[in-house]
Structure formats: structure tokens, C-alpha cells
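In what follows, a single structure is set out as C-alpha cells and then discussed.
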Amino acid sequence: MAENTGTATITIHGKSYDLPIHTPTAGPEVIDIRNLYAQADVFTYDPGFTSTAACDSTITFIDGAKGELLHRGYPIDQLASQSHYLEVCYLLLYGELPSAEEQERFESLVTNHTMIHEQMHNFFRGFRRDAHPMATMVGVVGAMSAFYHDSTDINDAHQREVASIRLIAKMPTIAAMAYKYSIGQPFVYPRNDLDYAANFLHMCFSVPAEEYHVNPILARAMDRIFTLHADHEQNASTSTVRLASSSGANPFACIAAGIACLWGPAHGGANQACLEMLKEIGTPDRIPEFIARAKDKNDPYRLMGFGHRVYKNFDPRATVMKESADEVLDLLGVENNPVLQVAKELEKQALADPYFADKKLFPNVDFYSGIILEAMGFPTSMFTPIFALARTVGWISQWKEQLADPQLKIGRPRQLYLGATARDYVDIEKR
Ligand code: SDX
């Protein structure tokens, strides 16, 4: 727990209350209001929790003004360029970069748990072929609690560890199976001779009829996409996982809840929505029409892939992602990809527009990730499942941290009630 460094005094109807101030290692100080209701019989009000710290954490820190993202203190651009996803997973889960021996042991654990229970294949066959892969993932991940009973007891440290490894190891397999099922191709089993990202690409794109060799540049770009999506403080889906976990729900149910929340177009669904928007724009000459709609106060339309709840300068992940986009498209010889042309022109025009500049609306992580994924051959419906795959380690790390918090109690926000006060029932004959 942070140390107290003074008090804030709030005066309500002439009576004053002192509230402790806690000092973080980085970011704003926090005013501890947990006893305010008991002391002053008032709630605080913060729709969307934009000014509320729901927990303390040591995992990820974002400075929205500086465009800074740290995982256990390490800047995202250094991790994206010098590390790799499973090493970042270790860092997020255990707090420190692993030694060579620790990394080898961790990667071996993950590699040897990538297969799912054979009977779970039947779950996929219960869905329509055209089901959105996110629907399949919510269902199958939630159903893992029906298969892996030996890792559902959240009060058992060993079971928490087993569930963590199982989820990180099996998410690529489940996401790839959801994809294969949606295109009517046979499931491809994971291979232990491939690294995490290459294995995922192999499970998605290989077919029994011929050998599939994973291009190492695409595998590297895939791994970087995983790293850039690994964790992001208390975003909507992570907060969903924490709230589900606060009731004591098993890890598979909590991660299924996180997947469901991530699906929304304002959150993880933005990468799919962004690509669909770029395709709808179609050609650079139509960009002004879409920018005008996004600026129109009477039109709820927004530019997908632009803006962020926290970053009010630039999303550091988008900077790295943009480099990867150029590499991949150059490799695939599609640097003239019409979607990329529209994306680059849209970014240029939007950032030159006072509306976007004044509101600090700039491309976020989802703006470029969709372009890379499309160039790799993924349908837009697979973009958010890939985000969910990558974010699982963040959800799990935050889930473990919360369970270890001695202050943990079930989450129970209150409300500003504006509804009817007590009134008597009226029989239908008298209405
Ligand atoms: C992710 O939280 C996380 O960390 C999320 C994430 C993660 O890694 O977990 O980073 C992943 O979800 C990235 C965000 C992906 N979403 C999108 O790209 C969807 C489009 N973006 C918007 O929906 C919006 O920008 C949000 C939801 C991302 C952020 O919303 P905010 O910060 O609450 O901004 P706001 O809705 O209060 O908007 C502020 C102003 C408003 O205008 P005014 O009322 O002040 O006149 O900016 C406008 C908004 O209308 N605005 C936009 C806009 N985003 C905000 N106008 C046009 N296009 C946009 N994209």
C-alpha cells in the first residue's frame, strides 16, 4: 500500500472531513475516499471512472500526456524492439525479466500446454459456421471451467498458476480453431517445434494438403502485435476481469467476461471497426466526407482507430505498430495496398484538422494493427480475437495481483439515484 502524504479536506454543508492522500511511484496522487460515505453519508460521482483509481497495481503504468507505457517499469518501445511476447508475459506475471533458465522453463511450460482437451472440439461444432469468432471464444473459454476443474480453485496458489499457464498457452489454439471453423477448414494442432507466434500463424494458415512454412518476418510482426496488446492498466476489459474475479469467480469465467467486454467497437473491437471504416472510405478522395461526419456534433459517427481514453498526446504502441505495418506491407509487396493508402492519407488529414488536434485525437494501437493483420491474410472478424489472445496475459496478471491483495473485497459501485421515490401499487382497474 502507498504511504500517506497528507490529507485532503472536503467541506460538505459546512462540515469538514479529512481524507488521506496516497502517493504513487508514478502518476497522480490519489485521495482515499473509501470512508467518506460512512463519515459524511455521501457518494462520489464519476461515470466511466475517468478520475477514479479502482485499485493499486504494480504491473503497468501509462502517462497519457507523455505517451508513455511501462510494463513493470520497462518502456513498451524497448520491449517491442528488444524482447518477445513470452518474455513480456513472464515480466507481467512475475514482475521481473527472467534469467535464461527461468525463460526456458516458462516457455517449455507454455509450449507443452497448447493443446486443448479433445472433447472441447465438439463445442466449436455447436456454433454456426458464420458465428463471429469472438462469440466462439467467449463460449469456449468460459467452458474451460467445465474441463479443467483442477485449476479453478482461486484460493490455491498452485491452481492459480496452472490456470494462468493454461490460458496463455491455449488461447492461440482456441483463436486459431475459431478461425478454421469459420472458414470450414480442419483444425490444425499446435506444434512444439514452433515459437508462440509462428505456432499461431501455422495453426491459422496451414492446411493438411501441403507444407506451410511460417515467414519469420511475419512471425516477428505477429509477436510484436501480441506484445503491444499485452496489458494496459485498468482498461474496460481488465476492469471487467477484476470485477468478475472480486466475486470469487473461477479464472476461466473471469477471462471469458474480459473477452466479452473487449468485443465492443469502442474498445478491442475498434481494430475490426477501423478496417471496415477504411474499406468503406475506399479511396482517399472520400476522406473529407468521413472526417466531416466525425466532426458533426449531431452525428454519433467517430473515426475508428482514433482517440483514446488515457493517451491525450499519442499512443506509443501505434508508433511501433506503424513501423511493423511498413515492414510487413513492404515484405508482402503490398506497400501500395489501397487500404494503407487511405489509412496514411486519413491520418495526415485528420491530424492536420484543428478538431482532432485540439481534442488530441490521433491514431491509437488499433489504427495500424488492423492493416498488418489484413495484409497477413486475416479476415477483419479475427482482429479482436487476436487482441483477446494477446491481452490474456494482462488480464491474468491483473487477476493474480487482485487475488493477492489483502484489501480485496467484492466490487460494488453505488449510484446517483434519480428514479421514483417510494409509492404504493395501483390495481390495474384504477390505472
Ligand atoms: C482501446 O482503455 C484502454 O486502454 C483501451 C485500449 C487498451 O489497450 O485496452 O487502449 C484499447 O480500446 C483503444 C481505443 C479504441 N477505440 C476506438 O478507436 C474507437 C474510436 N474512439 C472513440 O470511441 C474514443 O476516442 C474512445 C472511446 C477511445 C475514448 O473516448 P474518450 O476519451 O471518453 O473521449 P470522449 O468520448 O470523451 O471524446 C472526447 C471528445 C468528444 O467530443 P466533445 O463531446 O468533447 O465535443 O472527442 C470526440 C468526442 O465526440 N471524439 C471523437 C473520437 N473520439 C473522441 N470524435 C471523432 N472520432 C473519434 N474517434
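The values are calculated or read from the model by the stated rules, or taken from the named source; none is laboratory data. Note that this is a predicted model, so its numbers are computed, not measured. Note that we place each Cβ from the backbone using ideal geometry, even for glycine, and neighbour counts take in every protein chain shown. Areas reflect the complete protein model, heavy atoms only, side chains present, ligands, DNA and RNA absent. Shrake-Rupley method; radii C 1.70, N 1.55, O 1.52, S 1.80 Å.
Evaluate E = 1/(1 + (r/R0)^6) for S81 and Y417, where r is the Cβ-Cβ distance and R0 equals 56 Å; express this FRET efficiency to the nearest 0.05.
That gives a FRET efficiency of 0.65.
More than 12 angstrom separation, counting every C-alpha pair in the stretch 310-356; what % is that?
That tail contains 70 percent of the Cα-Cα pairs.
State whether the stretch 204-361 is rounded, prolate or oblate according to the following rule on the C-alpha gyration tensor (a ≥ b ≥ c being the square roots of its eigenvalues): a/c under 1.5 gives rounded; otherwise a/b larger than b/c gives prolate, and the remaining case gives oblate.
The shape class here is oblate.
Just order 212-225, 254-267 by mean Cβ neighbour count inside 10 Å, highest at the front, would you?
By packing density, highest mean first, the sequence is 254-267, 212-225.
Tell me, rounded to the nearest percent, the portion of alpha carbon pairs in the chain spaced more than 35 Å apart.
Looking at the chain, the distances longer than 35 Å represent 34 percent of pairs.
When only DSSP loop residues count, what GluC sites (Glu not before Pro) in the stretch 201-255 have their Cβ near at most 15 other Cβ atoms within 10 Å?
Of the GluC sites (Glu not before Pro), the ones in loops of the stretch 201-255 whose Cβ has at most 15 other Cβ atoms within 10 Å are E211.
Once R0 is set to 22 Å, what does the formula 1/(1 + (r/R0)^6) return for the Cβ-Cβ distance between Q119 and N192, expressed as a FRET efficiency to the nearest 0.05?
It comes to 0.55.
Any chance you could run the full-extension gain for F43 through E289? It's 0.36 nm times the residue separation minus the Cα-Cα distance, nm to one decimal.
84.2 nm
Amide H neighbours of T7 under 5 Å, at least 5 residues apart or on other chains, H built in the peptide plane: list them.
I21
Using a 7 Å offset from the Cα along the Cα-to-Cβ direction at both K297 and D56, what is the distance between the two label points in nm, to one decimal?
The answer from the label model is 4.3 nm.
Leaving out ligands, DNA and RNA, and with a 1.4 Å probe, what % of the accessible surface on the chain is carbon or sulfur?
About 53 percent, which is the carbon plus sulfur part of the accessible surface.
Excluding ligands and nucleic acids, what accessible area in Å² is computed for T23 using a 1.4 Å probe, to the nearest 10?
50 Å²
Near T114, within a Cβ-to-Cβ distance under 10 Å, what is the net charge of the other residues, with Lys and Arg +1 and Asp and Glu -1?
Here the count lands on +3.
So, by mean Cβ neighbours within 10 angstrom, what's the order for 344-350, 50-56 with the highest one leading?
Taking the mean over residues of other Cβ atoms within 10 Å, the ranking is 344-350, 50-56.
Pairs K312/K359; K312/K400; K295/K360: which exceed 18 Å Cα-Cα?
Check vs 18 Å cut-off fails for K312/K400.
Using only DSSP helix segments of four residues or longer, with each worth -39500 (n - 2.57), what per-residue ellipticity at 222 nm results for the chain after dividing by its residue count and rounding to 500?
Only helices count here, giving -15000 deg cm²/dmol.
Please give me the summed charge of the neighbours of T136: other residues whose Cβ is under 13 Å from its Cβ, Lys and Arg +1, Asp and Glu -1.
Around T136, the charge tally is +3.
Order these peptides, 191-201, 413-423, 25-35, by their mean beta-carbon neighbour count within 10 angstrom, highest first.
Answer by packing, highest mean first, reads 191-201, 25-35, 413-423.
What whole number of Å gives the distance from the Cα centroid of the stretch 259-309 to the Cα centroid of the stretch 1-45?
38 Å
Using a Förster distance of 56 angstrom, determine the FRET efficiency expected from the C-beta separation of E102 and E280, and round it to 0.05.
0.75
Quick check for you: which residues of the stretch 33-57 have the amide N under 18 Å from the point 7 Å beyond the Cα of T7 toward its beta carbon?
Within reach of a label on T7: 33-42.
In nm, to one decimal, how far is the modelled label at Y17 from the one at N313, with both set 7 Å along Cα→Cβ?
3.5 nm
Classify the stretch 213-297: rounded, prolate or oblate, from the alpha-carbon gyration tensor (a ≥ b ≥ c, eigenvalue square roots; a/c under 1.5 rounded; otherwise prolate if a/b is larger than b/c)?
Oblate, because a/c is 1.5 or more while a/b does not exceed b/c.
Residues in the stretch 356-381, backbone N under 12 Å from the label point at A135 (7 Å along the Cα-to-beta-carbon vector): list them, ranges by number please.
Nothing falls inside the zone, counting backbone N under 12 Å.
Lys and Arg at +1, Asp and Glu at -1: add these up for the other residues within a Cβ distance under 13 Å of E104 and post the number.
-4
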